[in-house]
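For reference, the structure discussed in these notes is given below.
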Amino acid sequence: MITRTCFVLLSMIFAAPVAWAEGIPVVPGMWEMTSTMTMPMLGAPRVTTTTECMEKSEISMDDMGTEGMDPNCTFDMGQVDGKTMKWSFDCPVEGGSSHGEWMAVSEGDSMTGSGLMTMSFQGQTMEMTMAWEGKRIGDCP
């Protein structure tokens, strides 16, 4: 259940709907994003690579949207400082809670980021770390 909760939260981070506000710059086009998730119950790190067409020249705090998430989650959209964006969230999970802190840095045609999610449930605490990197690989089809 916890692994599924992690994947749901992470998929919303990368596939949130776009609403362009103040954010960090990206070069529009086809992007390849690779994420590495480490969690004690997984054993080995889980690496996932996806491709996505980015049509706008900015990723904003609004892109870290809450659509589809538990309405009881709270978000701190943190800060945008030039090429760096930071945000955090707190969400209830079955039998406990989760807290995440994330950041992304854009160089325009490449991006890196990291995050730490701490989940407390049924008297136990577990941490999950994630790192990702992305690069523009060409024009969108």
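Just in region 34-141: which chymotrypsin sites (Phe, Trp or Tyr not before Pro) are loop by DSSP and have at most 13 other Cβ atoms within 10 Å? Display every interim value, and only then the final one.
Details: sites: 75, 87, 89, 102, 121, 132; in loops: none.
Those that pass, being in a loop and sparsely packed, number zero.
Distance from the alpha carbon centroid of region 35-58 to that of region 83-109 works out to 14 angstrom. Ligands, DNA and RNA aside, residue 101 has an accessible area near 110 Å² when probed at 1.4 Å.
The values are calculated or read from the model by the stated rules, or taken from the named source; none is laboratory data. Computed from a prediction, not measured in an experiment: that's the story for all the values here. Ideal geometry is used to build each Cβ from the backbone, glycine not excepted, and the neighbour counts take in all protein chains shown. Heads up: the accessible areas ignore ligands, DNA and RNA and are worked out on the full protein's heavy atoms, side chains in. Shrake-Rupley method; radii C 1.70, N 1.55, O 1.52, S 1.80 Å.
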